[in-house]
């Protein structure tokens, strides 16, 4: 990626404002829905590499051949918070459930995924852990996989 484009993405002054009126450094939008209370996002990528040992060679090591780059895995950790005390944020949890159960790729918009040219993802899993002692909040984790368009050519 060109440095100027990267610099522009990272210094974009159009940070989001969450529903509590707090400016967000790196808002995340999935399927047109900006996740509330700025979540934490992390990414990992892996390359498929075939290693071939050099038989009879005095050179150490092996020949490495890059086969491809696998899908990026994106993890989003956040908290749904209800503004009303002692009430579970049911509407937010329900919205996440509906997007997950679509069972199809969805759009993603975030500064970090923009750097990697990721515009679409599939939701691999969601987790809603125990919230002992908190009645008006729910932590969540969403695991996504990058999904790119491709063209398949049939030969023959």
task = Can you figure out the FRET efficiency of residue 139 with residue 67, using R₀ = 35 Å and their beta-carbon distance, to the nearest 0.05?
result = 0.40
note = By the C-alpha gyration tensor axes a ≥ b ≥ c (rounded if a/c is under 1.5, else prolate when a/b exceeds b/c, else oblate), the shape of the range 77-156 is prolate
task = Grab the Cα-Cα distance for residue 59 and residue 29, subtract it from 0.36 nm times how many residues apart they are, and report the gain in nm with one decimal.
result = 5.8 nm
ask   = Fewest to most neighbouring Cβ within 10 Å: what's the order for 152, 131?
value = 152, 131
task = Starting from the Cα of residue 102, step 7 Å along the direction of its Cβ; do the same at residue 153; then give the gap between the two resulting points in nm.
result = 3.2
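Coordinate-derived values only; no laboratory data. Treat the numbers as computed from the prediction; the structure is a model and nothing was measured. With ideal geometry, Cβ positions are generated from the backbone for all residues, glycine too; neighbour counts draw on all protein chains shown.
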